[in-house]
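The values are calculated or read from the model by the stated rules, or taken from the named source; none is laboratory data. If you're wondering where the values come from, they're calculated on a predicted model, not measured in any experiment. Positions of Cβ are backbone-derived with ideal geometry, glycine not excepted, and every protein chain shown enters the neighbour counts. Surface accessibility is based on the protein's heavy atoms, side chains included, excluding ligands, DNA and RNA. Shrake-Rupley method; radii C 1.70, N 1.55, O 1.52, S 1.80 Å.
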Amino acid sequence: MSAAATTPSSDERAVASTSSSVLGMVLFVASESMFFAAFFGAYVTSYVNQRTWPPDNTPAPPLGLATAAVACLVLSGLLLQGALRATRRGLPATVNRWLLVAVAAGVASVVLSLLGNAEVGFGLHAGIFASQFYLMTGLALAHVAGGIVLLALVAVLGLTGRLAVVRYQPVQAAAVYWNFVVVLGLVVYVVFYVLTNTGG
């Protein structure tokens, strides 16, 4: 057997290395899921031990800007799916456009979340609900910001021509993380905004 037949090509090595990055991202997201599950478990414990939730001296967070923020977050996830479809079709320019608009929607979500937090009628030290609210929403917002940086880095790779056809797995890895961020944002929105405003 010839050496050419047994030695992996550069394209094959690229696929193998970037495929491992997707697997690494999946494992990272799994660990992050367990991390947040522990915090949500603590929240549920506090909830079942209270007669009213939020406590009587703590108003429910307003829904308006939070709803707009989570809508932008979901939109960004849908836009990223467009980038993934474009990668499968081998359309680099289309991939770049989808990535940029996904980043823009993510940035809009962060800005709206920050504006919404400014309207919340309680401070960090207003009680157990307030501390858990700021902890969980803050962590979720930090993960969104991290996801935006990741998407932006992948977009830069695409715009500079370093995202070759065999190396589109960075887009897939970023999508794994961003899908986690979108789901996390939805869960935080339902738990801390929707349920508290409906007496849940």
Accessible area in the full protein assembly, largest first, 1.4 Å probe, for 85, 162, 51: 51, 162, 85
Theoretical FRET efficiency, 1/(1+(r/R0)^6), r = Cβ-Cβ of residue 39 and residue 78, R0 35 Å, to 0.05: 0.85
The stretch 25-128: translational diffusion in µm²/s, Stokes-Einstein, Kirkwood Rh over Cα pairs, 4 °C, 1.567 mPa s: 78 µm²/s
Solvent-accessible surface ranking, highest first, for 32, 119 at 1.4 angstrom: 119, 32
Computed P(r) (all Cα pairs; the stretch 130-200; 10 Å bins; percent): 19, 37, 23, 15, 6, 0
Length released on extending from residue 190 to residue 139, taking residue separation times 0.36 nm less the Cα-Cα span: 16.8 nm
By accessible area with a 1.4 Å probe, ligands and nucleic acids excluded, highest first: order of 98, 53: 98, 53
Mean separation of Cα contacts under 8 Å, 6 or more apart, over the residue count of the stretch 77-200: relative contact order %: 32 percent
Residue 57-residue 20 pseudo-label distance in nm [points 7 Å out on the Cα-to-Cβ vector]: 5.6 nm
Rh (Kirkwood; distinct C-alpha pairs) - the stretch 134-173, Å: 11.3 Å
Two-site label geometry, residue 149 and residue 28: point separation in nm, points 7 Å out along Cα→Cβ: 1.1 nm
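When the accessible area of the chain is computed with all protein chains present and a 1.4 Å probe, what percentage of it is carbon and sulfur?
The computed percentage sits at 69.
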Estimated inter-spin distance, residue 162 and residue 46, nm [label 7 Å along Cα→Cβ]: 4.2 nm
Per principal axis, descending, Cα span of the stretch 49-200 in whole Å: 57, 23, 22
Kyte-Doolittle mean at least 1.6, axial Cα span of 24 Å or more - DSSP H helices of the chain: 128-159
